[in-house]
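Derivation of every value follows stated rules applied to the coordinates shown; laboratory data play no part. Quick caveat: nothing in here was measured; it's all calculated off a predicted structure. Neighbour counts run over all protein chains shown; Cβ positions are idealised from the backbone, glycine included.
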Amino acid sequence: MWMARRLAGEILEGRIEPYDGAYRIWLSYSFNAPELEHWRGLATDYEVAAETGGLATAKQHIVQAARNLFSAAK
C-alpha cells in the first residue's frame, strides 16, 4: 500500500501522468489488495475515453482517487 500511496502522491504532484499512475497502481499493487482493485476501472475508463471522448473527466477521476488514496495515509 505504501508504494501505491507514493504513486498517488506523484500523480498529485504532476510527476507522473494520471493514466500511467493508475495503470501502475492497478497492475503492480492491487494483487491481494482489494481496496486498490477500482484502479483497474479507472485505467480502463481512461482508455475508453481516449477513444470516445471525455478524457478530461477520466483524468479528474484518477486525480480524485489519487487524492483519496494519498490522504488515507495521514
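Observations
- Between residue 6 and residue 28, the simple spin-label model (points 7 angstrom out along Cα→Cβ) gives 0.8 nm.
- Computed lengthening from residue 52 to residue 68, 0.36 nm per intervening residue step minus Cα-Cα distance: 3.1 nm
- Modelled FRET efficiency - R0 22 Å, residue 60 with residue 17, Cβ distances, 0.05 increments: 0.95
- Trypsin sites (Lys or Arg not before Pro) lying in DSSP loop within the stretch 1-65, provided at most 15 other Cβ fall within 10 Å: 15
- Where (i) 78, 39, 15; (ii) 35, 25, 16; (iii) 39, 30, 25 are the candidate values, the label of the one calculated here for Cα extents along the principal axes in Å is (ii).
- Residue exposure sequence - 62, 25, 16 - by fewest surrounding Cβ within 10 Å: 16, 62, 25
- Helical mean residue ellipticity (222 nm; -39500 (n - 2.57) per DSSP H run of 4+; nearest 500) of the chain: -22500 deg cm²/dmol
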